[in-house]
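A short worksheet on the structure shown next.
The values are calculated or read from the model by the stated rules, or taken from the named source; none is laboratory data. Since we're looking at a predicted model, the values are computed, not measured. Positions of Cβ are backbone-derived with ideal geometry, glycine not excepted, and every protein chain shown enters the neighbour counts. Note: areas computed on protein heavy atoms with side chains; ligands, DNA, RNA excluded. Shrake-Rupley method; radii C 1.70, N 1.55, O 1.52, S 1.80 Å.
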Amino acid sequence: MDSFLKIRGLKKYFGDKRVLDGIDLDVAAASVTTIIGKSGIGKSVLLKCIANLLEADAGTIELDGQAISQSRRSAHSDTGVSFSYMFQNNALFDSLTAFENVALPLREASKLNKVEIQERVDKMLAYLELSDSADRYPGELSGGMKKRVALGRALITKPQVVLFDEPTTGLDPERKFSVFEMIANYRERFGFTALLVSHDIPEVFEISDRVAWLDEGRIKFFGKPEDLNTDAQSALSGFLSKANYGPKSSPLNGGNK
Amino acid sequence: MSVVFELGEISLFGWGALRGFFAQRSRFAKLTLGIHEIGVRCFPIIATVGLFTGLVMGLQLYYTLVKFGAESALGTAVALSLIRELGPVLTALMVVGQAGSAMASELGIQRNDEQIDALQTMSIDPLGFLVGPRLVATLICFPILTAIFDLIGIFGGYLTGSLLLNVDSGVYWNRVFESVTWADVQGGYIKAIVFGLLTITICAYRGYNTHRKASFPGVRGVSESATRAVVWSSVTVLAADYLITSFLL
């Protein structure tokens, strides 16, 4: 497999606490890789290290063959790879409308003119079924609508890599499915590489090409979702069974528990 | 040692914000919002405090001066005290209370809510975007607010001195115009600009770095940042006032 995103020996400590203890991960271009694991195990920390929001204590991250500098804010622009990040709590600006939130990265960091921005954002809002709420502020939107605005903002720049930090937290099952569907559709349309943190097992496996299981600071399983059940690692099996995931529950196997 | 380190960090923070602002798009629109936040919203409190300060000064100075038969110098005393000292200092303290604390809280919430991280992931310089316009607005608003405070304060002194305590109004205003020199006004403006930059930088710095500087995470951290921002800004204004005054006199 050709790695578009290659992580080697990534370590991150918070004081004496070792959160990431030598992460090795290879993510193929235009694939969806889902990171699963217990809460507080370091999944979001891993995403933030990749996004350069946190500085790793050791290890390397390569994007399209070029190392990301961990000490420079403009690390991603150095590699020429466009990045986007969808935050767990959306991180929308309260003083901006839904339209302005989605348009923000284009207005502030692209060369598009006003008309082009308007067209592109209108299209995105229509696709996300948010056209009627374009002028509403985040405080006036429901949880699901906020998620869609955040998704729109993450995808509006047509990034090459998108990091999704629990994009379906707090959504009802129907909305969860629709967010996953949107990610899958957009991935097909724009061909970005997605790295996703999710607790929605097994639903998230529907759109995942690869699954990485993070435990005790390391990636202890990396492979196709359908290989999860046959894997003999007991800790992983235990984790999956607590997440109500078993051979019969896998949507990939076409059945529910 | 940590104080020196922190002072250096605050200076770099302020410089980064100013520099970042000039690399921003739609600078005029952002600056207008900053002026609204620091200038327009603070105007009512500045006008009110200015008026009452002038009223009290008129009373206190009159009863002091009358002991020496020098009540005709009331205009001089009120005008010079306000323009040289009280105007810039009280204006800065009022803006810290009104806009500085709000800014520290807002930035702290934006930090906790990952909005600042979001800007970074969108390749938008958070310092230039969030702090820069407020700092530039400070440079414009502080001298104007100080001038308004001074004018209303001098008028307050006139209200108590002339209308209440019967100091001749012609004498009061004549003493004001005679005694105030351009050097006094200039000194007041220098103080206003320095106080503005110091207070807004400190308030923004505390809010922006809530995740690093506060002892608690979450809401308590934001509240701590806002409190410390106000306390440290106020102390800094008084310390800087002493230093600048000793240079100017």
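Summary table
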{"quantity": "Leading residue by the ranking (surrounded by the most Cβ atoms within 10 Å (Cβ to Cβ)) among those in the stretch A:2-26 that are at negative phi and not in a strand (DSSP E or B)", "calculated": "A:2"}
{"quantity": "Residue match in the stretch B:95-105 (condition: surrounded by fewer than 20 Cβ atoms within 10 Å (Cβ to Cβ) and within 14 Å of chain A (Cβ to nearest Cβ))", "calculated": "yes"}
{"quantity": "Residues within the stretch A:105-119 that are open to solvent by 10 Å² or more (accessible area, probe 1.4 Å) and within 17 Å of residue B:123 (Cβ to Cβ), tallied", "calculated": "7"}
{"quantity": "Residues (under 19 Å from residue B:202 (Cβ atoms) and within 14 Å of chain A (Cβ to nearest Cβ)) located in the stretch B:14-40", "calculated": "B:16, B:19, B:20, B:21, B:34, B:37"}
{"quantity": "Sole exception among (1) open to solvent by 10 Å² or more (accessible area, probe 1.4 Å); (2) without any contact (Cβ under 8 Å) to a residue 60 or more places away in the chain; (3) of a type outside the set (S, T, N, Q); (4) away from every other protein chain (no Cβ under 14 Å) for residue A:29, by number", "calculated": "(2)"}
{"quantity": "Filter pass, residue B:78 being touching a residue at least 12 places away in the same chain (Cβ under 8 Å) and of a type in the set (Val, Ile, Thr)", "calculated": "yes"}
{"quantity": "Options B:31, B:55: the member that is buried (at least 16 other Cβ atoms within 10 Å of the Cβ), more than 20 Å from the chain's Cα centre (by Cα) and farther than 14 Å from residue B:97 by Cα", "calculated": "B:55"}
{"quantity": "Residue within the stretch A:69-76 that is modelled with pLDDT of 90 or more, in contact with a strand residue (DSSP E or B) (Cβ under 6 Å, 6 or more places away or on another chain) and open to solvent by 10 Å² or more (accessible area, probe 1.4 Å) present", "calculated": "no"}
{"quantity": "Verdict on residue B:213 being farther than 30 Å from residue B:117 by Cβ and among the basic types (Lys, Arg)", "calculated": "no"}
{"quantity": "Flag if residue B:164 is at pLDDT 95 or above and over 30 Å from residue A:105 (Cα atoms)", "calculated": "no"}
{"quantity": "Any hit, the stretch B:191-214, residues being closer than 16 Å to residue B:144 by Cα, of a type in the set (D, E, K, R), crowded, with 23+ Cβ neighbours inside 10 Å and in contact (Cβ under 8 Å) with a residue 24 or more places away in the chain", "calculated": "yes"}
{"quantity": "Failed item, numbered, when residue A:51 is tested on (1) in contact (Cβ under 8 Å) with a residue 60 or more places away in the chain; (2) farther than 15 Å from residue A:83 by Cα", "calculated": "(2)"}
{"quantity": "Meets criteria (under 20 Å from residue B:195 (Cα atoms) and either surrounded by fewer than 21 Cβ atoms within 10 Å (Cβ to Cβ) or at the interface with chain A (Cβ under 9 Å from one of its Cβ atoms) (or both)) for residue B:139", "calculated": "yes"}
{"quantity": "Among the residues listed as B:61, B:7, B:12, the single one being open to solvent by less than 60 Å² (accessible area, probe 1.4 Å) and of a type in the set (A, V, I, L, M)", "calculated": "B:61"}
{"quantity": "Unmet requirement for residue A:92, which otherwise passes all of (1) modelled with pLDDT under 90; (2) within 25 Å of residue B:106 (Cα to Cα)", "calculated": "(1)"}
{"quantity": "Selection from the stretch B:109-123 of residues that are open to solvent by 30 Å² or more (accessible area, probe 1.4 Å) and facing chain A (nearest Cβ under 7 Å)", "calculated": "B:113, B:120, B:123"}
{"quantity": "Evaluation of residue A:193 against (1) open to solvent by less than 40 Å² (accessible area, probe 1.4 Å); (2) away from chain B (no Cβ under 14 Å); (3) over 18 Å from the mean Cα position of the chain (by Cα) (one fails), failing number", "calculated": "(3)"}
{"quantity": "Selection within the stretch A:38-60 - in contact with an Asp or Glu (Cβ under 6 Å, 6 or more places away or on another chain) and within 14 Å of residue A:23 (Cα to Cα)", "calculated": "A:44, A:47"}
{"quantity": "Residues satisfying the stated conditions in the stretch B:159-190, i.e. surrounded by fewer than 23 Cβ atoms within 10 Å (Cβ to Cβ), aromatic (Phe, Trp, Tyr) and over 12 Å from the mean Cα position of the chain (by Cα)", "calculated": "B:173, B:177, B:182"}
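Residue-by-condition table, conditions (1) in contact with a strand residue (DSSP E or B) (Cβ under 7 Å, 6 or more places away or on another chain); (2) within 22 Å of residue A:204 (Cα to Cα):
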{"site": "A:20", "(1), (2)": "yes, no"}
{"site": "A:28", "(1), (2)": "yes, yes"}
{"site": "A:38", "(1), (2)": "no, yes"}
{"site": "A:43", "(1), (2)": "yes, yes"}
{"site": "A:54", "(1), (2)": "yes, no"}
{"site": "A:59", "(1), (2)": "yes, no"}
